[in-house]
Amino acid sequence: MTIREIITLPDPRLKQVSKPVDGVTDEIRTLLDDMVETMHDAPGIGLAAVQVGILQRVVVVDISRDEDNPDPQYFINPEITWESEEIGIYEEGCLSIPEYYEEVERPVECKIKFLDRDGKPQELHCKEMLATVIQHEIDHTNGVLFIDHLSRLKRGRVVRKFTKQAKQPA
């Protein structure tokens, strides 16, 4: 397994829509394993392939928060099929927008369909933290960042800050 570089704002790839995976291959499984390693190293609880520069609809999540007993979940071509009307507010952050956190409104439950790491179709009813994380990561596959759910003023401030940082010499 390899720890991959996480791209950060203002990298334009973060705003691109990822392509569906045609079939689950050993190459995709290697990507999944690398993404889990990268996510745990960061540390984070979710990662979309676009965040490591791969424009494919691949997502990994691990909300276990237990370093000794990780419980990664793999989602290939995840798609939301239902969202609850009930909305919750959760503080979100993003490995591609480091050290910035803000409250975001999202449905507290959702249902998704996806392929597992063996390429088998699956469905999952997500609640609370898992629902928030999976919606956040599916947004990434659609070129949407969590800051896109904020007011234009807040989003503008964050983009300007990260654009300015990116222009400064390392």
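Since every read-out is calculated from the coordinates, none of them should be taken as a lab result. Here the structure is a predicted model, which means the values were calculated and not measured. No Cβ is skipped: glycine too gets one built from the backbone with ideal geometry, and neighbour counts run over all protein chains shown.
Using alpha-carbon pairs under 8 Å, 6+ residues apart, how would you state the relative contact order of the chain in percent? Numbers along the way, then the final one.
Values: 314 pairs, mean separation 40.9, N = 170.
Value for the chain: 24 percent.
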Any idea how far the Cα center of the stretch 49-119 sits from the one of the stretch 4-18, in Å? 16 Å
For the charge dipole of the chain, defined by +1 on Lys and Arg C-beta atoms and -1 on Asp and Glu C-beta atoms about the Cα centroid, which residue among Y90, P12, Q135 has the Cα displaced farthest towards the positive pole? P12
Of H125, P169, V108, farthest towards positive along the dipole that unit charges on Lys, Arg, Asp, Glu beta carbons give the chain: P169
Any idea how many Lys pairs in the chain come in under 25 angstrom at the alpha carbon, given 8 or more places apart or on separate chains? 14
